[in-house]
Structure formats: structure tokens, C-alpha cells
Amino acid sequence: MAKKPVFEQWNVERSSDLYGIKNWGSGYFDVSDAGNVVITPFGENGPTVSIPEVIGGLKDRGMNLPVLLRIENILEHQISVLHDCFNSSIHELGYKGEFRGVFPVKVNQQEQVIRKIAEYGKEHHHGLEVGSKAELIAALAYLEDKEACLVCNGYKDQEFVDMALYACKMGFNCILVLEMPGELPLILERSEALNVVPQIGVRIKLSSRAGGHWVESGGDLSIFGLSTAEVVDVLDALREKGRLDSLQLLHFHLGSQISNIRDIREALREACRVYAGLVDEGAQMKYLDLGGGLAVDYDGSHTNYLSSRNYTLKEYCADIVETVMSIMDEREISHPYIITESGRATVAYYSVLLFDILDVSRLEERPVPETLPEGTPEPILNLLEVYNSISLKNLQECYNDAIYYRDEVRQMFRVGNSSLRDRSVAETIFWAIIKEIALRVDNVKRPSEEMAGIQDSLASIYYANMSIFQSLPDAWAIEQLFPVMPVHRLDEQPTEKVVLADITCDCDGKLDRFIDTRGVQRTLDLHSLRQGEAYNLGAFLVGAYQETLGDLHNLFGDTNVVSIHVEPDGSFDFVRELDGDSVADVLSYVEYDPKAVLERFRTMAERGVREKYITPSERFSIMKAYEKCLRGSTYLKACGSKTSC
Ligand SMILES: *Cc1c(COP(=O)(O)O)cnc(C)c1O
């Protein structure tokens, strides 16, 4: 994209506005006077940690980008702020029950995440929610707090039920939530056999539905949960067995990223009525579990747009407490424990994907010839005339003509009436026209839709050293937006309009939708690259769902992962480093045996020597290079990395 003249002094405030960091950063990120993105784990006035400094520290330790950076303080703060908000609503409104948060393991199952949640959650009795045997097995090894809830959702077989019942026996506050009617007889039979009194919950289908990607998670068509008729069957079955006292929890889950608070309120009202109905029927109800849905404001617009939310955490908590309280009071039912299963909002903020830019591809400025040789085809002469006549007054006309003549040249070329050189001249003039129009298009009152998008068509492509499929799968799968911005040079004006391409060989491996407070931007403003200097970007708010959904497309594996913990004085430690997958690792995931692979290649190399393609000493070097690659990272080594350039 052609550079725009710099009219005013650029400064870090303008960068901060441009990328909206204050809108989506939730107080955790800011731009420093030096033009770096800084982490502010203790709020605006607390100490700051500069992300470029963190990257420098990693490079000194021989760890290259891409790196997934986890900031432990943010996780700790997200957990406590959720509890603080609910507790203050409870206090202010005079609610008689308590709040119990649980973290749904599926949102980020990584060991270090679950370990930290169990650790930080202890003082708040923050528990875990599991949806499979594997998640239950992990949870049982980490959840030490016996007052915290352990909610078992998901379809259950006998093994799952037995494990959950053993957990009850061991004193875990474990609740088995019925996902299907058929699970009840199994739970009753096994609890008798194992001599445990089970705590049972029911997951219901609500008729209320929310907008967004996950509309099918709620509503009558949801594949999860019991219909009203099935809930009544459960009641009858429990009554018959004399076990109505076991039914203690009502659960619903409206879907994830509910951006409109009205949807939450509507669903909750319906659920409260069901809860009251269960109490009427004699169940010893204790818990009302609202599932997940608390949204993250990825684009910072504070709207009910898909990537945002039109409410604050305070409003969310106050609304919930107030709604539950008013219905329970009306029915003279004692206030239940309120459980939420916030996953996304708990972990999204705490991970940042840091990656470098490897290269750029852009339309080169080529000189437009002043005259054309004799015999040049007519449409090319016309293109040149268009180029020489561009003015603000005839911009749309020039645009239409340029497209028309370019297509004519292409057609001539196809049928053999113009040469390769002719075509190349035509393309040069065509793109020169487009650039000239792009420079002026902002001054046109009502440009055609095509012409309005002309600047996007001139976007440069920056090659990002990462795989969208591995690190930001939702950006590809459901077009989710994440805030992406440079982590340094923010005291400089970005001069390029850019689309990011990753290093997979997939045309879907790109980012060309970016956050904007009024919709979606097709390009991202970035700085031009400097020779021999790294240019580093961050994709923020990536802590939820991305890691396990990520896949091995093109065999790019897990990135390096680093956790930092910031002290109140602003110093920080690298508390944990996990090396990403090596080439050997990813090959073994797809059933290669790295040793056998090496052996096969050795045979190939030996044959190469025998057949005189290579010398024995060349074989030695080639084998060394092969082995080094096999042990090394799947990502590329960019300029400025310690190991090579
Ligand atoms: C996925 C899921 C959640 C997490 O939802 P978020 O919107 O990420 O908070 C909670 N509960 C259940 C049952 C889920 O399936």
C-alpha cells in the first residue's frame, strides 16, 4: 500500500487508540512511553512488564518465537475478580446464598492451567467442571479444596459414574449431573453397590435461546440436557426409590460468548421457575448452576456484537443475583448456591501468542513508461491514457476504465493476440492506476463498493511465523476475532495496510479480519519491516479454547509455552518453560517412528554415495543437517534469533 504522508506528529496515544488496547485489554495491557506493549498485572498504577523485554529474556535463553506467553497474575486476578463481583452483589442485595465458581476443564485442559486454577481458586472455593472421564481423572488429582464443587457433566458410563461416586466417598463435593434420562438408573444402582449417597443434578433444555455462534447449545434443539417431560420422569423415579433428597442441582448452559445480557436474564428466569418446580416436587434443591456464557469483549466495542459483550462483569453478577433472589423470594424458597461455569472469561486474558514476521510481499512500484512502442495493442495505449488523466473528478470513471482495459488485455493474451511483455506492461500500468486511485479514494463522497475496498486490495502480505490452525484455530473455524497488534515501535506511525499469512501452505491460513469498534477491518495497520531487525506481534486474549482445538496442519506443532509471574515490585520470573513440539514429536503423532525415519534416510544417503550422487563427507554433513532438523522446532528461525539468521 502506498505510504500516506505524515501530517501530524505520531505518538503512543495514537497507537493505543488505533489498536484499541484500552478497550479490550481489561486493564491488563497498555502502551508505554517508549512505545512497547506492557503488561499491567496490578492495574493501571501498578508496575509494568514490557513484552519486548520478556521476548529479549527468552531469546537470551535460546527460546525463539512463536511463544505462547502466560501471565499467571492475570489468571489469579480473573478468578478473584469473579468472586469479588459476585460476593459484593450478594452482600449489597442481601442475598442469603453463596457463590461457587467452577472452571470447565474443556476450555483449557493444560496441566499448568488446571494446577494454577486449583491453587489460586482455593481461597474462593473455586471448583472444576468436567465433561469426560479424562477430565474427571485430571480434576481428582488437583482439586484439593473439599468445599469447592466438582460438577460432572457429559455422558457417563459405569466407569465414569463409579469414579464420581468414589470421589463423593472421599469427601469431594462432587455432583453428578444427568445429561440423559438413562443415566439415572445407572447412578442409583452403582451408588447402592458402592454404598454412597450421590448428589445428583439435572441439566435441562431451556426454550430460551441466545444469539451467537453457539445458539444450538441452548433451546429445544440442544443435543444436551433433559426436556421438561424427562425431568418429571426423573422426579418420579427418584421418588419411587425414596431418593428425592439426592436431587440437589439444576444446571443449564446457554452456550458460550453470550454477548447480550438480555439472553442470560431470560434463560435464568426460566431456569429459576424450573428450580422452584423441583422444590415444589420435594427435591432438596441446593445449587443453581448457570453454566458458562460470560463473554469476553474481544473487539472492545462493549456491544452485543458476536466478538463483544454489552455488559460488564459487575452487571452480569448483579443481574444474576437479583433475578434469582426475586423469583426465590416470590416463591418463598431459600436462596440457592449460585454456580457459574465461566471458562472463556477466566482464561482468555492470560495467554498471549507472540510471533515474528518473516517476510513481506507487496506490489512493487514499477516505473510507468512515458511512451509505448509502435504496434502496442490498443487497450494498453488506453490504459496509459487513463493513467495520465487521473484526477479527483474522474476517479470512478478511471477505475471502471482501468478494469475494462485490463480485462481486454487479458483476453487478448488468452487468444494469443498479445505478447508476454505486452501483458506485463499492461499490469504495471494497471496497478499504478489503482495506487493513484487508492491515494485519493478517501476524498470521494460516494465511491462504489468495489472502489471503496481498493485500499484493501493493495494490502501487503506479512508472513507470520506461526500456524493459525495450531494457535488460533477459532479464527479459521468460526471466524473469531482476536486483537492483534505489534508489541513494539508504537511510537512510530504504522504505514502499511497488511493481511497476515501464516506459514502453512493453506490458503485459509491467514488473518484478514481484524477487530474494530464499528465492525470488522479487512487489513491491519503495521510498520514497515527493517532489514535485520525482528518485528514482533502479539495475538491477545487467546487463553480460551485455542490450545486443544489447535491441530497439526502441515505438521506445525505446539509452540513453546512460557509462564511468567510478576512480583508487586515489577520484577518477574520465568516460572515455567515448555519446549514446543520438535519435528520428531509431530511425526510421531502421525505414527512415524522417528528412529525408523532416521534409519531409512541413512539408507537413502548411503545409496546416494554408492550411486555417486554425493561423497561420503557430503553424506556426513547431510545426515547432520537431517538429524538437527528432526530434533528442532517445526517453526522457522527468523532474523534476530540466536541460533541462525
Ligand atoms: C463449554 C462449557 C462451558 C464454558 O463456557 P464459557 O462460555 O467458556 O464460559 C461451561 N459449561 C458447559 C457445560 C460447557 O459445555
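Which of (1) open to solvent by less than 20 Å² (accessible area, probe 1.4 Å); (2) within 13 Å of the ligand (Cβ to nearest atom) is the odd one out, the single condition residue 263 does not satisfy?
Residue 263 satisfies every listed condition except (1).
Considering only the stretch 48-81, state which residues are open to solvent by 10 Å² or more (accessible area, probe 1.4 Å) and within 16 Å of the ligand (Cβ to nearest atom).
Correct list: 78, 81.
Regarding the stretch 95-109, can at least one residue be identified that is without any contact (Cβ under 8 Å) to a residue 60 or more places away in the chain and either more than 16 Å from the ligand (Cβ to nearest atom) or open to solvent by 10 Å² or more (accessible area, probe 1.4 Å) (or both)?
no
Where residues in the stretch 519-551 are among the aromatic types (Phe, Trp, Tyr) and closer than 26 Å to residue 14 by Cβ, which of them is nearest to the ligand (Cβ to nearest atom)?
Checking each candidate, the answer is 540.
Considering each of 294, 313 in turn, give the residue that is in the same structural domain as residue 112 (by the TED database), within 13 Å of the ligand (Cβ to nearest atom) and surrounded by fewer than 24 Cβ atoms within 10 Å (Cβ to Cβ).
From the options 294, 313, the qualifying one is 313.
Any chance the stretch 294-309 includes a residue that's under 18 Å from residue 101 (Cα atoms) and touching a strand residue (DSSP E or B) at 6+ places or on another chain (Cβ under 8 Å)?
Yes: the stretch 294-309 contains one or more residues that are under 18 Å from residue 101 (Cα atoms) and touching a strand residue (DSSP E or B) at 6+ places or on another chain (Cβ under 8 Å).
Among the candidates 334, 326, 301, single out the residue that is away from the ligand (no atom under 14 Å from the Cβ), surrounded by fewer than 22 Cβ atoms within 10 Å (Cβ to Cβ) and either free of Cβ contacts under 8 Å to residues at least 40 places away in the same chain or not assigned by the TED database to the domain that holds residue 254 (or both).
Selected residue: 326, the only one of 334, 326, 301 that is away from the ligand (no atom under 14 Å from the Cβ), surrounded by fewer than 22 Cβ atoms within 10 Å (Cβ to Cβ) and either free of Cβ contacts under 8 Å to residues at least 40 places away in the same chain or not assigned by the TED database to the domain that holds residue 254 (or both).
Restricting the search to the stretch 233-259, which residues are more than 14 Å from the ligand (Cβ to nearest atom), in contact (Cβ under 8 Å) with a residue 24 or more places away in the chain and open to solvent by 20 Å² or more (accessible area, probe 1.4 Å)?
233, 237, 239, 241, 243, 244, 245, 248
Working only within the stretch 432-460, note down all residues that are of a type in the set (A, V, I, L, M, F, W, C), part of a helix (DSSP H, G or I) and more than 23 Å from residue 384 (Cβ to Cβ).
452, the sole residue that qualifies.
Looking at 596, 544 in this structure, which one is within 27 Å of residue 629 (Cα to Cα) and either modelled with pLDDT of 95 or more or surrounded by fewer than 20 Cβ atoms within 10 Å (Cβ to Cβ) (or both)?
596
How many residues does the stretch 547-559 contain that are buried (at least 24 other Cβ atoms within 10 Å of the Cβ) and of a type in the set (S, T, N, Q)?
Qualifying residue count for the region: 1.
If residue 219 passes every condition in (1) buried (at least 20 other Cβ atoms within 10 Å of the Cβ); (2) modelled with pLDDT under 75; (3) at positive phi but one, which one does it miss?
Failed condition: (1).
Inside the stretch 529-541, can you point out the residues that are open to solvent by 10 Å² or more (accessible area, probe 1.4 Å) and either more than 14 Å from residue 464 (Cα to Cα) or of a type in the set (D, E, K, R) (or both)?
Within the stretch 529-541, 530, 531, 532, 533 qualify.
The values are calculated or read from the model by the stated rules, or taken from the named source; none is laboratory data. Every value quoted in this text rests on a predicted model; they were computed, and no experiment measured them. Virtual Cβ from ideal backbone geometry, glycine too; neighbours counted across all protein chains shown. Accessible surface areas use protein heavy atoms only, side chains included; no ligands, DNA or RNA. Shrake-Rupley method; radii C 1.70, N 1.55, O 1.52, S 1.80 Å.
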